[in-house]
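Trainee: Here it is, the structure in full.
The values are calculated or read from the model by the stated rules, or taken from the named source; none is laboratory data. These numbers were taken from a predicted model, which means no experiment stands behind them. Glycine also receives a Cβ, built like all others from the backbone with ideal geometry; neighbour counts cover every protein chain displayed. In case anyone asks, the SASA skips ligands and DNA or RNA and just uses the protein heavy atoms, side chains included. Shrake-Rupley method; radii C 1.70, N 1.55, O 1.52, S 1.80 Å.
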Amino acid sequence: MTTVQERETIAIQFAERMNEDELLNCMRCGFCLPHCPTYIESGLKESHSPRGRIALMKAVAEGVIEPDEDVERSLSLCLGCRACEPVCPSGVKYGHLLEEARDIIQQNKNIASL
Ligand code: SF4
Ligand code: SF4
């Protein structure tokens, strides 16, 4: 769980550090969906798909949503298997986006308890 202050810092860093071009590369075609184990295992929940995770990362970077527990859960449940990358017609480097997003969250979480 993150505090309000931590979420604010995470949101700022998403805006500063996430690769906007890469986020915009996703054209939401859905070709990656049948290749994503967490999408299938979750009963086809969009937030547990590559497309859904990219949309969440983009929404946080643009300040449309907060990096709340649902966003954190969606990103933490990703296996990082990158099965979504080779099937993407836009060549979205999903793994880089995921690593950056997770790094931002980990670096700014629980700062008060350090
Ligand atoms: S296949 Fe690529 S462009 Fe299509 S929804 Fe998935 S990540 Fe986005
Ligand atoms: S890395 Fe694997 S689990 Fe994560 S979104 Fe891509 S296919 Fe799904």
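Trainee: Which residue pairs have Cβ atoms under 6 Å apart, sit 6 or more places apart or on different chains, and have a first residue in the stretch 71-91 that is closer than 16 Å to residue 58 by Cβ and at pLDDT 95 or above and a second that is assigned to a loop (DSSP other than H, G, I, E, B) and near ligand 2 (Cβ under 7 Å from one of its atoms)?
Mentor: Pairs that qualify, where the first residue is closer than 16 Å to residue 58 by Cβ and at pLDDT 95 or above and the partner is assigned to a loop (DSSP other than H, G, I, E, B) and near ligand 2 (Cβ under 7 Å from one of its atoms), are 84/32; 84/36; 88/32.
Trainee: So which residues in the stretch 43-54 are within 11 Å of ligand 1 (Cβ to nearest atom) and open to solvent by 40 Å² or more (accessible area, probe 1.4 Å)?
Mentor: Result: 46, 51.
Trainee: Looking at the stretch 25-38, is at least one residue within 15 Å of ligand 2 (Cβ to nearest atom), over 18 Å from residue 90 (Cα atoms) and at pLDDT 95 or above?
Mentor: Yes, the conditions are met somewhere in the stretch 25-38.
Trainee: Here's something else I'd like to know. What helices (runs of 4 or more DSSP H), lying completely within the stretch 31-114, carry at least 3 residues that are among the small types (Gly, Ala, Ser)?
Mentor: Ranges flagged: 50-61.
Trainee: Could you list, in sequence order, all residues of the stretch 7-42 that are under 17 Å from residue 98 (Cα atoms) and away from ligand 1 (no atom under 14 Å from the Cβ)?
Mentor: If the condition is that a residue be under 17 Å from residue 98 (Cα atoms) and away from ligand 1 (no atom under 14 Å from the Cβ), then 10, 11, 12, 13, 14, 15, 16, 17, 18, 20, 37 are the ones that fit.
Trainee: Another question about this same structure. Mind listing whichever residues of the stretch 16-28 are assigned to a loop (DSSP other than H, G, I, E, B) and open to solvent by 60 Å² or more (accessible area, probe 1.4 Å)?
Mentor: 19, 27, 28
Trainee: I'd like the full set of residues that are surrounded by 17 or more Cβ atoms within 10 Å (Cβ to Cβ) and either free of Cβ contacts under 8 Å to residues at least 24 places away in the same chain or acidic (Asp, Glu) (or both), limited to the stretch 30-42.
Mentor: 33, 39 - these are the residues of the stretch 30-42 that are surrounded by 17 or more Cβ atoms within 10 Å (Cβ to Cβ) and either free of Cβ contacts under 8 Å to residues at least 24 places away in the same chain or acidic (Asp, Glu) (or both).
Trainee: When the residues of the stretch 67-106 are narrowed to those that are among the hydroxyl-bearing types (Ser, Thr, Tyr) and within 15 Å of ligand 1 (Cβ to nearest atom), which ends up farthest from the chain's Cα centre (by Cα)?
Mentor: Per the stated criteria, the residue is 90.
Trainee: Please verify whether the stretch 1-15 includes one or more residues that are within 16 Å of ligand 2 (Cβ to nearest atom), buried (at least 19 other Cβ atoms within 10 Å of the Cβ) and not acidic (Asp, Glu).
Mentor: no
Trainee: Condition first: open to solvent by 80 Å² or more (accessible area, probe 1.4 Å), closer than 17 Å to residue 46 by Cβ and away from ligand 2 (no atom under 14 Å from the Cβ). Now tell me which residues in the stretch 70-114 satisfy that.
Mentor: Of everything in the stretch 70-114, just one residue is open to solvent by 80 Å² or more (accessible area, probe 1.4 Å), closer than 17 Å to residue 46 by Cβ and away from ligand 2 (no atom under 14 Å from the Cβ), namely 70.
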